[in-house]
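Below is one structure, written out as structure tokens, with a few remarks after it.
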Amino acid sequence: MSPISVNTWKGKGQYFNYRDQNIFYVDEGQGPALVLLHGFPTSSYDWSYVWHGFPQYRKIAPDFIGFGYSDKPGKYHYSLIDQASLVEGLLEKLNIRDYHILAHDYGDTVAQELLARHEARKHRKEPGKDSSILETRSWTNSDSQSRLNSICFLNGGLIPDTHRPRTIQKLLNSPLGFIISRFINQKKFEKSFAEVFGKDTRPSAEELQTFWELIEHNNGVRIYHKLIRYMRERKQFFDRWVNPLLESDVPMRLIDGPEDPVSGRHLAERYRELVTDADVVYLEGIGHYPQTEDPDGVIQNYRSFRESI
């Protein structure tokens with residue numbers, strides 16, 4: 001399945017205000033709400049490869065703050081917890097009460113935070129003993145009435161101790177990250193980015209150009225070192241984000257590209273060890289971006305997941 005052109009994608013989009021920032025999102029179709037959460041360092045455009053494969057759903061795909069066509073403020077505390085509040089804010093604006101999630105990479109952890117909130121509400125708990133660590137100002141929608149009905153994960157750091165970051169990610173996450181971000185250019189990005197794909201499914205020169213343009217939009221590379229803080233958050237909130245995977249009755253499936261050096265087969269195998277009756281599907285030969293490398297495989301396996309529940 002071919003992706004939608006980037007100009008067409010942008011034309012489908014709208015903006016809403018979140019904490020005085022303009023947040024881009026695409027909202028299209030009718031039926032049960034399917035919220036698509038993208039990864040780092042790309043954008044909602046990743047979902048254009050599978051967009052037409054889900055005609056039976058109302059599809060909602062935001063660009064997280066700091067990504068894609070959304071605002072990328074330099075003075076901002078970027079966090080996964082804040083991104084989850086952004087998603088809840090969008091659902092509230094759209095008056096959505098029941099929804100499903102299809103997530104990838106960075107979006108996986110945002111989905112895990114949304115799952116943690118769902119579990120807390122279901123059991124009528126407060127945010128928990130770690131709430132003092134949370135950004136209170138980011139817990140803006142703790143009384144959200146939206147109900148999470150299922151999650152399908154693509155490759156991502158679901159179990160933080162299995163995450164194998166690339167060298168550039170480690171450098172950006174270091175105290176020198178703000179300097180490293182200044183030296184990232186298109187050539188360096190393309191080389192590092194292509195390495196996480198399957199050997200036969202790497203993006204074309206045109207696709208790499210599009211990915212880069214969306215990252216660089218509004219000079220986004222300058223905040224790379226701020227966005228990468230998610231790696232620290234995953235360790236900080238390990239229990240908060242991993243325990244619901246083990247305990248929740250929300251249906252979940254992991255569709256994994258095993259050739260991914262960051263969160264491939266090793267992540268999926270660890271997930272299967274921890275999660276009782278884990279629902280895992282492997283897309284052989286595929287790397288970190290299943291939705292762009294094998295869109296038909298993702299569509300087929302997501303459909304079968306929804307049919308099973």
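Tell me whether the range 71-89 contains one or more residues that are under 17 Å from residue 247 (Cβ atoms), open to solvent by less than 20 Å² (accessible area, probe 1.4 Å), out of contact with any helix residue (DSSP H, G or I) (no Cβ under 6 Å at 6 or more places or on another chain) and modelled with pLDDT of 95 or more.
Looking for residues that are under 17 Å from residue 247 (Cβ atoms), open to solvent by less than 20 Å² (accessible area, probe 1.4 Å), out of contact with any helix residue (DSSP H, G or I) (no Cβ under 6 Å at 6 or more places or on another chain) and modelled with pLDDT of 95 or more, one finds none in the range 71-89, hence no.
It is to be established whether one or more residues within the range 3-13 are surrounded by 22 or more Cβ atoms within 10 Å (Cβ to Cβ) and touching a strand residue (DSSP E or B) at 6+ places or on another chain (Cβ under 8 Å).
Yes - at least one qualifying residue is present in the range 3-13.
Scan the range 79-100 for residues that are within 14 Å of the chain's Cα centre (by Cα) and outside any helix (DSSP H, G or I) and jot them down.
Listed by number, the residues that qualify are 79, 100.
In the range 137-172, which residue that is over 29 Å from residue 266 (Cβ atoms) and part of a helix (DSSP H, G or I) is modelled with the lowest pLDDT?
So, considering only residues that are over 29 Å from residue 266 (Cβ atoms) and part of a helix (DSSP H, G or I), the one modelled with the lowest pLDDT is 137.
Exactly one of these conditions fails for residue 201: (1) within 18 Å of residue 262 (Cα to Cα); (2) under 19 Å from the mean Cα position of the chain (by Cα); (3) at pLDDT 95 or above. Give me its number.
(2)
Could we say that residue 220 is within 18 Å of the chain's Cα centre (by Cα), modelled with pLDDT under 95 and over 30 Å from residue 122 (Cβ atoms) here?
yes
Sort out which residues of the range 16-61 are touching a strand residue (DSSP E or B) at 6+ places or on another chain (Cβ under 7 Å), open to solvent by 20 Å² or more (accessible area, probe 1.4 Å) and either within 22 Å of residue 262 (Cα to Cα) or in contact (Cβ under 8 Å) with a residue 40 or more places away in the chain (or both), and write them in order of number.
Listed by number, the residues that qualify are 22, 27, 32.
Can you confirm whether residue 111 is touching a residue at least 40 places away in the same chain (Cβ under 8 Å), assigned to a helix (DSSP H, G or I) and closer than 22 Å to residue 158 by Cβ?
Taking the combined requirement at face value, the residue satisfies it.
Is one or more of the residues making up the range 219-239 assigned to a strand (DSSP E or B) and open to solvent by less than 30 Å² (accessible area, probe 1.4 Å)?
no
Would you call residue 42 among the polar types (S, T, N, Q), at pLDDT 95 or above and part of a loop (DSSP other than H, G, I, E, B)?
It is true that residue 42 is among the polar types (S, T, N, Q), at pLDDT 95 or above and part of a loop (DSSP other than H, G, I, E, B).
For (1) surrounded by fewer than 23 Cβ atoms within 10 Å (Cβ to Cβ); (2) in contact with an Asp or Glu (Cβ under 8 Å, 6 or more places away or on another chain); (3) of a type in the set (D, E, K, R); (4) part of a helix (DSSP H, G or I), each residue gets a yes or a no:
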{"site": "261", "(1), (2), (3), (4)": "yes, yes, no, no"}
{"site": "272", "(1), (2), (3), (4)": "yes, no, yes, yes"}
{"site": "276", "(1), (2), (3), (4)": "yes, no, no, no"}
{"site": "281", "(1), (2), (3), (4)": "yes, yes, no, no"}
{"site": "285", "(1), (2), (3), (4)": "yes, yes, no, no"}
{"site": "292", "(1), (2), (3), (4)": "no, yes, no, yes"}
{"site": "297", "(1), (2), (3), (4)": "yes, no, no, yes"}
{"site": "303", "(1), (2), (3), (4)": "yes, no, yes, yes"}
{"site": "306", "(1), (2), (3), (4)": "yes, no, yes, yes"}
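The values are calculated or read from the model by the stated rules, or taken from the named source; none is laboratory data. Note that the structure is predicted; figures quoted are calculated from it, not measured. Note that we place each Cβ from the backbone using ideal geometry, even for glycine, and neighbour counts take in every protein chain shown. The accessibility values were calculated without ligands, DNA or RNA, using every heavy atom of the protein model including side chains. Shrake-Rupley method; radii C 1.70, N 1.55, O 1.52, S 1.80 Å.
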